[in-house]
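Beneath this line is the structure, given in structure tokens, with notes to follow.
The values are calculated or read from the model by the stated rules, or taken from the named source; none is laboratory data. These numbers were taken from a predicted model, which means no experiment stands behind them. Because the Cβ atoms are built from the backbone with ideal geometry, glycine has one as well, and the counts that use them run over all protein chains shown. Just so you know, the surface numbers come from the protein's heavy atoms only, side chains and all, with ligands and any DNA or RNA stripped out. Shrake-Rupley method; radii C 1.70, N 1.55, O 1.52, S 1.80 Å.
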Amino acid sequence: MALWHDLRRFVAVALATAGLTLAAQWQGLLTGFDDFYYDAWHHVAGKRREALHVAIVSVDDATFLKLKDDPLAFWQPHFAAAMKVLDEAGASVIGLDFVYATSAETWLKRLNLPDTQISRTYDSAFRERLAHGNKILVGHLIENSRGESELVLPPPEHFYLLPNQLQDVGLANLFPDQDSIVRRYYPVLLTEPGVPGLGFSTQLALRVAAQDPQAAVWNVGGARIERKPASRVVGYVGPSNTIPSVSMARLLEPGALELPAVKALKGRVVIITAHDSSSLQDTHLTPYSRGLVGFTRSQMTGGEVHANIVETLLSGHFPRDLDRAGIALVILAMSVLAGWLFLHLHPLAGAAAGIGVAALLAAGAYQAFRFDLVLPVSALQLTLLLGFLITLALRLTGEERARRRLRSMFGSYVSSEVVDLLIANQGEGEGLDLKGEEMTVTVLFSDIRNFTTISEKLSAHEVVEMLNTYFARVCEPILAERGNVNKYIGDAVMAMFGSPVPYPDHARRSVRAALGMLAAADEFKLWMHERFGDRGLPEFAIGIGLHTGVVISGDIGTEKRREYTIIGDTVNTASRLEGATKDLGWRIVASRATVEAAGAGVIAGRRDSIAVKGRSGVVDVVEVTGDEGLRNR
């Protein structure tokens, strides 16, 4: 019987673990983790291989400096000169990665200027290069104000000169994932007849592979690609600047064909694109853009991303995921290992063994990545974690499971000390009513003065950096007083004292926390001076509002997203008092109810009575400037 019981437990653990992991995998719940590992492998690998099929002609700062007297819209003669050098150097295909909808000659005609030889022949050298063949121009699929898709194409007088006309135009659209990182591309964007529907990089690769762009199926780099919109993974060769690059300015110099860098372009796909230029940037996030400690973040221009796609297509280095059957098989195998491992080891030993196996999985997945095989490492690690948790749950009593659920639920809301008290109260039969209860608490609101002005003078990355640093500092006094940091609202912090664990001195704790936040804000002011002292920012300051009263607390939300929080007039009043700090010129505005509940020892300054929006009558308020108890510590 014991053997049969152990076997049933083992089978139950293995099946439950595999089922949960497969559900998470197929529902896309692990996509973010898989992307993290995928990006991390790129950082660890760095430059993965040499780019053998593609190169970039860089319209860089040197090019703009050389051609500074000519507007970009009138560069056709310069592009023609560069293309002529590339043709003579033996480039296999040339792609011009610049979107333009009219020619210089057409634009000049619109000005109704006198007809001249130059106005009729300005683009002649450029048209000659297009008619020469092996040129791909770029178009773009955009969405108009009505939400409809429209094509932005080169002017007809240019694409009509291409040997295949519109079939020598490729769409430059890139489609990043939800986290804005470009990991995949679409070889085919549109399938309607009579319009250019292939991606820019696809067109370039098909020309080199001598494939018909109007065919239903292509075989490129050992891969079969059908003419339908379906994404594929980009096999990046390395971080930015890995693709060989030559400045366009060098192509325009006398004797350019004798330059070794130009000779090296023979037989390559060459993309003329803006690159490393402060004058014209088209940058995208790639796996090398994720911020990882110890690694440099880099972005890529659109032309560089297209170059990586071309290299992927021509080299056959396609990153491959396991199919659904393969994923199911490896997850089932891992669930069997997890069940056997954790059922036979002590929980501490099992945890250590699980961590070791998880590390080995990560190392093995990286090695597979080097050979373009992408393993579901997050799913396998989740299998280990679920196996450990399920076997641990089987060993726990009902009371222990309830206590652990409580710790998991509130561990992200409050300090670890408060969690311990919650668990202690739960064990004594004083459990929290998550369905809703009335309780008296003190609510704290704070926000940053002139935050809009500050954020307008900083970049998005700098605003996030500032807020994260600020929140890390000002929330410490709240947690130290066993408060609950309930939520962040933009630059504002909402905290409550006396919930979920009731404290008789919650008002006094809120006063001490508010004073501590002011001290932290003063220290943070020095950080702002050091970090952004040259930006002309207003002096950093915060305002804090405190109010004590009855609230309704509970676990509020939907089945998909729930949050333990408080609602009621007390919350609204505390928020309004924080807003009143601007008009009163006080740093801490506390209601008289809070000061009286805090008891003797609160050092008060000015007093006033103010009207609060959404509340009848006035609220008596007090300026809090200190606490005698803090002085005596």
Answer yes if at least one residue in segment 353-361 is touching a residue at least 24 places away in the same chain (Cβ under 8 Å), assigned to a loop (DSSP other than H, G, I, E, B) and crowded, with 18+ Cβ neighbours inside 10 Å, and no otherwise.
no
Name the pairs whose Cβ atoms lie under 7 Å apart, with the first residue in segment 614-627 and free of Cβ contacts under 8 Å to residues at least 24 places away in the same chain and within 16 Å of Lys582 (Cα to Cα), the second crowded, with 19+ Cβ neighbours inside 10 Å and of a type in the set (S, T, N, Q), and 6 or more positions between them or separate chains?
none
If you take the residues in segment 490-528 that are farther than 23 Å from Thr440 by Cα and among the hydrophobic types (A, V, I, L, M, F, W, C), which one is most open to solvent (accessible area, probe 1.4 Å)?
Leu526
What number of residues within segment 580-623 are within 16 Å of Ile544 (Cβ to Cβ), out of contact with any Gly (no Cβ under 7 Å at 6 or more places or on another chain), open to solvent by 80 Å² or more (accessible area, probe 1.4 Å) and part of a loop (DSSP other than H, G, I, E, B)?
0
Pick from segment 76-100 the residues that are within 11 Å of Val269 (Cα to Cα), assigned to a loop (DSSP other than H, G, I, E, B) and not hydrophobic (A, V, I, L, M, F, W, C): which of them is nearest to the chain's Cα centre (by Cα)?
Ser92
If you check every pair at least six apart or on different chains, which have Cβ atoms under 9 Å apart with a residue in segment 562-585 that is touching a residue at least 24 places away in the same chain (Cβ under 8 Å) first and a residue that is open to solvent by 50 Å² or more (accessible area, probe 1.4 Å) and of a type in the set (Ser, Thr, Tyr) second?
Thr570/Thr440
In segment 556-571, which residues are within 33 Å of the chain's Cα centre (by Cα) and open to solvent by 30 Å² or more (accessible area, probe 1.4 Å)?
Ile556, Gly557, Thr558, Glu559, Lys560, Arg561, Arg562, Glu563, Ile567
Of the conditions (1) within 19 Å of Ile271 (Cα to Cα); (2) in a loop (DSSP other than H, G, I, E, B), Leu161 clears all except one; give me its number.
(1)
Considering Leu190, Leu151, Leu174, which residue is touching a Gly at 6+ places or on another chain (Cβ under 8 Å), modelled with pLDDT of 80 or more, farther than 25 Å from Glu311 by Cα and not in a helix (DSSP H, G or I)?
Leu151
Boolean, Ser412 is at pLDDT 90 or above, of a type in the set (Gly, Ala, Ser) and either outside any helix (DSSP H, G or I) or more than 30 Å from Arg49 (Cα to Cα) (or both)
no
Top-ranked residue of segment 459-489 - restricted to ones that are hydrophobic (A, V, I, L, M, F, W, C) and in a strand (DSSP E or B), ranked as least open to solvent (accessible area, probe 1.4 Å)
Val485
Mind checking whether some residue in segment 120-134 is more than 22 Å from Met248 (Cβ to Cβ), of a type outside the set (Lys, Arg) and either at pLDDT below 85 or surrounded by fewer than 13 Cβ atoms within 10 Å (Cβ to Cβ) (or both)?
yes
Among (1) under 18 Å from Pro502 (Cα atoms); (2) open to solvent by 80 Å² or more (accessible area, probe 1.4 Å); (3) not aliphatic (A, V, I, L, M), where does His547 come up short?
(2)
Being over 38 Å from the mean Cα position of the chain (by Cα) and of a type in the set (Val, Ile, Thr) is the filter here; which residues of segment 246-261 pass it?
none
Name the pairs: first residue in segment 314-341 and on the phi < 0 side of the Ramachandran plot and hydroxyl-bearing (Ser, Thr, Tyr), second residue open to solvent by 70 Å² or more (accessible area, probe 1.4 Å) and modelled with pLDDT of 90 or more, Cβ to Cβ under 9 Å, at least 6 apart or on different chains?
Ser315/Leu52
Going through segment 280-290 one residue at a time, which ones are modelled with pLDDT of 80 or more and open to solvent by 10 Å² or more (accessible area, probe 1.4 Å)?
Thr283, His284, Leu285, Arg290
Just to be sure I understand, how many residues within segment 26-75 are exposed (fewer than 15 other Cβ atoms within 10 Å of the Cβ), under 30 Å from Val220 (Cα atoms) and of a type in the set (Asp, Glu)?
1
